[in-house]
Structure formats: C-alpha cells, structure tokens
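I have placed the structure first, in the form of structure tokens, so that the comments after it can refer back to it.
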Amino acid sequence: MHEQDSLLRKLLMNYSDKESDVDGVKGGRIAERLAELAKIGMTEEGGSRRLGFSKEERQAKELVKDWMRQAGLVVREDGAGNVFGRMKGKEDDRPAILSGSHVDTVPNGGHFDGALGVVAALEVVEAWNKTNYRPEYPFEVVIFSDEEGSRFNDGYIGSKAMMGQAKIEELMKQKDGNDLTFEEVLNSDGLSIEGFRRAKRNREEIELYVEVHIEQGKKLEKANLPCGIVSGIAGPSWFEITFYGDPGHAGSTPMDIRSDALVAAGKFIHELSHLPKQVSDSSVATVGKMFVEPNGVNVIPGKVTLYADIRDIHEDTREILITRMQKLIIGIEKEYSVRVHTKELMRIPPVLIKTELQEELSEAFSDLNLDVLKVPSGAGHDAMIIGEDIPVAMLFVRSKDGISHSPMEWSSLNDCVLAVHVLKRFVERMNKVSNIKGSCID
Ligand SMILES: [Zn+2]
C-alpha cells in the first residue's frame, strides 16, 4: 500500500503551482485520480499492468464511470467496451465533441500514458460544473478499450470498433498469451462478438475528437515547455522482409561463392537507417525484430526474416521512403546474390492535424500565456484512427526524460494541470464555432 500512497504524495508534493487551481480546475483532484487508477494492476516494479479487456482494465473503467456519474454525466458503454460519459449541450441535437484516451497499459507500463487523457477530459467537466458553464455542443468524455494492443497483434481496438475499422475476422483467428481467443477474451469482460460488431458509431454523431497525452519523447523537455501542440501523428507501415540465401557449412564454403542471407540483411538494416534523413525531418525507419535460419554457429544463414517499421506524419514522404527501401532491396538482391520477398503487413495513413485546429490550440496557449511548440507524434494514438474520418486535435504533456511504457514514466502535476487548462480553453473556443467540420478546409 505504501508504494501507491507514495505516488499520490509525490504527485501532490510536485504540485507547487497552486495558482493553477483556478476556473474550477483542481490539481489535487487530478493527482488523486491518477493515483487511484495507478493502484489498479500495480506491478512489483511500481508500474501498471492493465491489459486490454482484462479485469484490471475493467476495474479502471468502472472507477472512471463512478467519477463520471458523480460529475453528472450520462454514462454509456458500447459493445467494444468503450465508455462514453455525456454532458448535454445547449444544442443537444448537434454532433458531440469527444475527449479522452485509454486506461489500458502495456504489461509493465506507467501511470500517465492514457490515464491522463481520460482524467484531463473529466476535469474539464468538473471545472464546468463548478463555474456553471454549459457547452453548445454535447461533450463526451471517452475511454477507448485496448489501445496498446498488448493482448492481440492489433492495437486501437476500441477506437477502430467505434470507427468501423476493426478487422474482426482476423482478430477472431488470434489467441492471447493465455491461449484465449478474441471471443473468449471479450466474453470474459462481459462483452460479445455481436455487440462488438455493433460498436460502430455513425460519424455524423461526432464533430471533433481531442486527446491529451504524454509526449513519450524529449522535444518539450528540451524546449523547457509544459505542453505542446501535436502537428501530426505518424502512421506506421510494417513490412515483413525475407532474405533467402544458400545455407552451407561455415568451414568448407569459400567466401566468394556464398549467398549469405544474414550478411545481406545486415547491409539492409544498416542502409535503411540512413534513408529517413534523405527524405524528411519527421520520417523514421526501424528494424526491431528478426529471425535467422537455421540459426547455427557453424551454418551460413540461409533465411532471414525481419520486420521494418516505417513512419512519417506526411504520407507523400513516407511513400518516397518506402519506394527507396524497395530500391535498396533490389540493389542488395544483385549485390549479395540473394532473393528477397517483401510482404506489406500494415499501412495506416498518417494523420495531419488540421491547420485550423492547430491555430485554435495556439490561441488557447496564448490565452494562458504559454509558448507554443508544435511536435509531431511518432507514436500512434486513438486520435490517429479517428482522424482518418473526423477532425482531431492533440495536446502533448512533457515527459520526464522522454520515458514511457515503463514504471519510470513521469509528468509533473504542474504540467498536467496546465494541459487541462489548455484543453478546457480549446474546447470552449471550439464551442463558439458553429460548424467545426466545415471550418476545417485544408
Ligand atoms: Zn497511450
């Protein structure tokens, strides 16, 4: 127990900026809620373990639902386990503005990734209740199920279900670490495949989605700023690349007649790392997983399978990078006498945040006398899935040392509270725009 209490104490002690307790926003409540969520699924290392559709994720959702009801929200859960807490708008037949994130974590994750976005959106409601503000648009605080994808080979499961993008048949073929099928996992959480299929929401019901999230990088820390505006979310594209050579004896095969799949793959990995900077400032390329066959000390590798992750926030430069990677592969095939087979596994479009929304966020920063920094998001978020169809905005909060997906993940409460203020201002500004979708022209 003392460890959990110490998180709360640490959060509160770091909150020196009591002047930010204005306009109904309360830092102490934000700290308490983050600490309450952190208690659920706490690991020995002091991290969080709340996998998608687990009893821990469920417990976290039920806790937030209680807070939502206490704040006067009407709570609804869809067939994918996504939770919506709705505040009526003055014009309640308008489409809603949604804000939130997720409460699931990676197996030994931190206490801010996801949780902060949900607590921040709810704090906006608390502040409005305190100041008797009523939005024009209905406002929904949302928790998306299984964002991290730690259980199945697919993330953003809740937001994909809401947007009608979930590949249900493929999910149904998979099993989790405990050999449970997707359907069994849903059932264990009180959900069903039939309900999951019905989770798709009419896009006309949503006007805008805005998400607060920790940066998971070091740009804000370097600039000494508490929060920043996300300029775009890099879409990942994944390739499975298999190099075929000739296996042979490591002792008796002369060097000049070899066809070594691993030497070719090694050249590929090295050259690939130099391609992004030729293409754009925001593109990245990574090989993070590889299998060598036969994988023997004295055998020339005959087959290497590796996985390349290519990302950029701009689709055009990402395509150029992919083309250059393919050219690189053709060159390597010739140079090393190997055959290469490339299979595309995933290509999620990058999401550029609309200029108009970035402008409105900048204005919200100015209202609070905060400097503006625009930061691309290398990591994916629920906003990336929703942004394919609906205008989205994102706000990053400074991460200590850029660390995330670790018990060491940390953002100061001062920074979290400022982000809530920015979010609140931004949503209030957007409530003055009568047609948000129509105002986003680029
Ligand atoms: Zn997250």
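Only one residue in 101, 54 is under 17 Å from residue 423 (Cβ atoms) and among the polar types (S, T, N, Q). Which one?
Matching residue, one of 101, 54: 101.
Given the conditions (1) in a helix (DSSP H, G or I); (2) of a type outside the set (A, V, I, L, M); (3) over 20 Å from residue 105 (Cβ atoms), and given that residue 376 satisfies all but one, which numbered condition is not satisfied?
(1)
I need every pair where a residue in region 12-40 that is among the basic types (Lys, Arg) has its Cβ under 8 Å from the Cβ of a residue that is at pLDDT below 85, sequence separation at least 6 or different chains.
Once the first residue is among the basic types (Lys, Arg) and sits in region 12-40, its partners that are at pLDDT below 85 give 39/4.
Can you tell me which condition residue 124 does not meet? The list is (1) more than 19 Å from residue 382 (Cα to Cα); (2) within 11 Å of the ligand (Cβ to nearest atom); (3) of a type in the set (Val, Ile, Thr), and all the others hold.
Single failed check for residue 124: (2).
Considering only region 5-33, how many residues are under 28 Å from residue 151 (Cα atoms) and at pLDDT 95 or above?
1
Kindly provide the set of residues from region 212-227 that are farther than 18 Å from residue 368 by Cα and either hydrophobic (A, V, I, L, M, F, W, C) or away from the ligand (no atom under 16 Å from the Cβ) (or both), ordered by number.
Scanning region 212-227 gives 214, 218, 219, 221, 222.
Test residue 370 against the stated conditions and say whether it is surrounded by fewer than 20 Cβ atoms within 10 Å (Cβ to Cβ) and either assigned to a loop (DSSP other than H, G, I, E, B) or among the hydroxyl-bearing types (Ser, Thr, Tyr) (or both).
Yes, satisfied.
Go through (1) in contact with a Lys or Arg (Cβ under 6 Å, 6 or more places away or on another chain); (2) in a loop (DSSP other than H, G, I, E, B); (3) within 16 Å of the ligand (Cβ to nearest atom) for residue 119 and report which single condition fails.
If we test residue 119 against (1) in contact with a Lys or Arg (Cβ under 6 Å, 6 or more places away or on another chain); (2) in a loop (DSSP other than H, G, I, E, B); (3) within 16 Å of the ligand (Cβ to nearest atom), just (2) comes out false.
Scan region 82-106 for residues that are near the ligand (Cβ under 10 Å from one of its atoms) and either farther than 24 Å from residue 413 by Cβ or over 16 Å from the mean Cα position of the chain (by Cα) (or both) and report the count.
Looking only at that region, the number is 0.
Restricting to region 322-379, and then to whatever is free of Cβ contacts under 8 Å to residues at least 60 places away in the same chain and among the basic types (Lys, Arg), can you tell me which residue is farthest from residue 228 (Cα to Cα)?
Only one residue tops the list, namely 334.
Only residues in region 393-418 that are part of a helix (DSSP H, G or I) count as the first member; pair them with residues that are of a type in the set (Gly, Ala, Ser), Cβ under 6 angstrom, at least 6 apart or cross-chain, and list the lot.
402/217; 413/27; 413/31; 417/20; 417/27
Go through (1) of a type in the set (A, V, I, L, M, F, W, C); (2) under 20 Å from the mean Cα position of the chain (by Cα); (3) under 15 Å from residue 236 (Cβ atoms) for residue 353 and report which single condition fails.
Result: residue 353 fails condition (3) only.
Can you work out which of the residues in region 127-148 that are closer than 21 Å to residue 396 by Cβ and within 13 Å of the ligand (Cβ to nearest atom) is modelled with the lowest pLDDT?
The residue in question is 148.
Tell me, which helices (runs of 4 or more DSSP H) lie completely within region 176-256 with 2 or more residues that are free of Cβ contacts under 8 Å to residues at least 60 places away in the same chain?
Of the helices (runs of 4 or more DSSP H) lying wholly inside region 176-256, those with at least 2 residues that are free of Cβ contacts under 8 Å to residues at least 60 places away in the same chain span 182-188.
Give me a count of the residues in region 228-260 that are more than 16 Å from the ligand (Cβ to nearest atom), of a type outside the set (Gly, Ala, Ser) and closer than 30 Å to residue 100 by Cα.
Number satisfying all stated conditions: 2.
Tally up the residues in region 117-147 that are within 18 Å of residue 103 (Cβ to Cβ) and among the polar types (S, T, N, Q), please.
Within region 117-147, residues that are within 18 Å of residue 103 (Cβ to Cβ) and among the polar types (S, T, N, Q) number 1.
Which strands (runs of 3 or more DSSP E) does region 62-115 wholly contain that include 1 or more residues that are without any contact (Cβ under 8 Å) to a residue 40 or more places away in the chain and touching a strand residue (DSSP E or B) at 6+ places or on another chain (Cβ under 7 Å)?
74-77
Report, by residue number, each residue of region 379-392 that is crowded, with 24+ Cβ neighbours inside 10 Å and not in a strand (DSSP E or B).
If the condition is that a residue be crowded, with 24+ Cβ neighbours inside 10 Å and not in a strand (DSSP E or B), then 381, 382, 383, 384, 385, 386, 387 are the ones that fit.
Does region 8-54 hold any residues that are part of a helix (DSSP H, G or I) and buried (at least 19 other Cβ atoms within 10 Å of the Cβ), and which are they?
The answer is 11, 20, 27, 30, 31, 33, 34, 35, 37, 38.
Taking the options 241, 233, 214, 229, name whichever one is modelled with pLDDT under 95, of a type in the set (A, V, I, L, M, F, W, C) and in contact with a Ser or Thr (Cβ under 9 Å, 6 or more places away or on another chain).
233
Look at residue 109 and say whether it is more than 16 Å from the ligand (Cβ to nearest atom), of a type outside the set (Ser, Thr, Tyr), out of contact with any helix residue (DSSP H, G or I) (no Cβ under 6 Å at 6 or more places or on another chain) and farther than 20 Å from residue 29 by Cβ.
No, not satisfied.
The values are calculated or read from the model by the stated rules, or taken from the named source; none is laboratory data. What you are looking at is a predicted structure, and each value in this text was computed from that prediction instead of being measured. A quick note on method: Cβ atoms are made from the backbone with ideal geometry, for glycine too, and the neighbour counts reach across all protein chains shown.
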